[in-house]
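The values are calculated or read from the model by the stated rules, or taken from the named source; none is laboratory data. These numbers were taken from a predicted model, which means no experiment stands behind them. Cβ atoms come from the backbone with ideal geometry, glycine included; neighbour counts cover every protein chain shown.
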Amino acid sequence: MGDPRDVREAVRSLEFMFLSNRPDLNCIVHDADIPFPSNLKEIDYHLIVLGPTFLCNRYNSSTFKSTLKNYNFIKEIVACKVAMPQDEYDCSAILDNWMFDWKVDRIYSVLSSEHWNLLYPKYSKCGQIVSGYTGYISDDWIKSWKNPKPHSMRKIDVSYRASKLDENFGSHGQLKWKIAKKFKDVIPDNSNLALDISWNQQDLIPGNSWHTFIENSKFCLTVPSGSSILDPYNKIRNCINLYKVFKKNPSFEQIEKHCFPGQDNKKLFTAISPRNLEAALAETVQIGVMGDYSGLMRPMEHYIPINRDCSNIYEVLQMMKDSLLVNKIKKNCKELILSESRLRQKTIVNEIVEFGELISCQRNLQAINQDKIDIQFAKYKSKINKISSNYWKKKRVLRKLKDIGIFLGMRQVKHLLSSFFFKKYK
């Protein structure tokens, strides 16, 4: 999941939804950055869920090799295995082979079924694929936003946060941050709108602060999550990284011509994002680039449509002033999100658990020794917090050193270290 300090609330909620929604289960949620305790490998599990952040390890070849080595025991376990990947267009063939090799029983795909045979040509012949989402709504979210802050008390007119995605996600991935710049550029000076829009990494908002930010916004920009490029074996990402070593600050067009000519927009892989769910619950009206949004959200009914180049900005501004339209969209979008039962954490967790029970029964998996499990889990829980805390302290120090190295330049660092050791041992 990465550094706990930086984890977004939607990611944290998704990864811990089994613990939150089924406290009756014997359940451990393990951060795969930290070695898995050997004693826990001996447990006869009934259900193993491979979460989105764990499955992201396929993006880096060295990390992926390490993951396969450290967690290869999962391959041999006869328990029911369920995978919940995201960004399936990224390293799709690596993911396909991985899920096939580990004998995963079911994949929850966040993309439309029309893409499944393309993304999973090997796995689809032997495994089960069902529809899923990039995020699920917790009961806590529903309670906290039962009566969200009235628009009249919100300080931000339009908000947005986005990261600059790498070019291997194509022009659609670039749109995620470019829409923010375009919107700010075309907003008239006399609009008097309070904007809080950024695409800089240092401005990202982690944890519950993100929900506070959303609820303090009357409107927010949004783009369907996804990519306009398929990169099955990570070749495009690797080509881009190598190209950037030799070409300083290349444009997207230069990178496209060199690394993926003619491939952009051949296919469009998009889905609804956690931001859409959070904004809907907070009654923050979304100003969205038109797209599929997993077949759920529709323009003028659930969001105010904006062109990719923001060329209809004056129409958008007029719609933002239309209180009847704004209230209708606000109400419709919240009702839509709450009415889709499979967007609820409880629903999807129970669905997966029931599937696990079915597979366990079919495979005649034996009941557990509860006393033994209690001892092993208690031992794990007593140690893991300290292990995790020490691990991330070291990681933060290394990250700071790396940032300093980048800031000063590696040659200067080498010079400083050489001077230090020369004076020390002179």
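So in region 73-125, with the set limited to residues that are surrounded by fewer than 17 Cβ atoms within 10 Å (Cβ to Cβ) and acidic (Asp, Glu), which one is nearest to Ile272 (Cα to Cα)? Only one residue fits best here, namely Glu114. Residue count for region 202-250 satisfying the condition of being over 27 Å from Leu268 (Cβ atoms), in a loop (DSSP other than H, G, I, E, B) and not aliphatic (A, V, I, L, M): 6. Only strands (runs of 3 or more DSSP E) whose full extent lies in region 260-343 are considered here, and the ones with at least 1 residues that are closer than 15 Å to Val158 by Cα are 285-289, 304-306.
Filter region 176-213 for residues that are touching a residue at least 40 places away in the same chain (Cβ under 8 Å) and within 17 Å of the chain's Cα centre (by Cα); which is surrounded by the fewest Cβ atoms within 10 Å (Cβ to Cβ)? Among those residues, the one meeting the criterion is Asn208. Checking each residue in region 139-163 for being among the hydrophobic types (A, V, I, L, M, F, W, C), in contact (Cβ under 8 Å) with a residue 12 or more places away in the chain and not in a loop (DSSP other than H, G, I, E, B) picks out Trp141, Ile142, Ile156, Val158.
Inspection of region 250-262 identifies no residue that is of a type in the set (A, V, I, L, M) and under 24 Å from Tyr160 (Cα atoms).
How many residues does region 249-286 hold that are of a type in the set (Asp, Glu), within 19 Å of Lys176 (Cα to Cα) and in the same structural domain as Asn332 (by TED's automatic domain parsing)? Qualifying residue count, region 249-286: 1.
When each of Ile359, Ile348, Ile373, Ile384 is tested for being in a helix (DSSP H, G or I) and either on the phi > 0 side of the Ramachandran plot or in contact with a Cys (Cβ under 6 Å, 6 or more places away or on another chain) (or both), the lone residue that passes is Ile359. Close Cβ contacts (under 6 Å, 6 or more residues apart or on different chains) running from residues in region 112-138 that are within 18 Å of Asp231 (Cα to Cα) to residues that are surrounded by fewer than 17 Cβ atoms within 10 Å (Cβ to Cβ) and basic (Lys, Arg) are absent.
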